[in-house]
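Data first, discussion second: the structure below is written as structure tokens.
The values are calculated or read from the model by the stated rules, or taken from the named source; none is laboratory data. Only a predicted model underlies this, so the values are computations on that prediction, with no experimental measurement involved. All Cβ positions, even for glycine, are placed from backbone atoms using ideal geometry, and neighbour counts span all protein chains on display.
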Amino acid sequence: MASPPDDDLMATGGGDQAAAGRPQQVPVNMYEAERAVVVVAPLPGVMAEDVTVTVDDRVVTIAADLRTKAPKDYLLHEWHYGPYERRVELPEGFGGTAAATFANGQLALRVERGEGGGRRRVQVEAGGAGAGGRPGRPPR
């Protein structure tokens, strides 16, 4: 059974934080695949090379920066582009090899079963046919 969205996270999704220049906390979806856990996070307004993913045993940190800020005199301003940051604890038993793809403003991270190997950075690949099939889909 799917869990409901985190209303507190969504209500404080970072607009005020982004306006103040502090990273917004990114909402994520996490599910278990056959031999791995997959974390999916929306990161609008950034490029794959602007995303940093680290795995430290069972804790994943996702961070992204914008290349440029575009100050505007908005008439209505309800959402913001990054910077973004989120730490997620993985379920017990997932800390093995990790791979990440980024496409269509969405990061998909796959962490295989296994013991954590200490802190390591995960290379984020731009999505497409060469990165696991469909854009935004983590490699198998």
Self-check item: Of all residues in the stretch 60-79 being at pLDDT 95 or above and in contact with a Leu (Cβ under 9 Å, 6 or more places away or on another chain), the one that is farthest from G117 (Cα to Cα)
Solution: I62
Quiz item: Looking at (1) surrounded by fewer than 16 Cβ atoms within 10 Å (Cβ to Cβ); (2) assigned to a strand (DSSP E or B); (3) more than 11 Å from the chain's Cα centre (by Cα); (4) in contact (Cβ under 8 Å) with a residue 40 or more places away in the chain, can you tell me which one Y31 breaks?
Solution: (4)
Quiz prompt | Meets criteria (surrounded by 12 or more Cβ atoms within 10 Å (Cβ to Cβ), under 13 Å from the mean Cα position of the chain (by Cα) and within 12 Å of Q106 (Cβ to Cβ)) for V51 | solution = yes
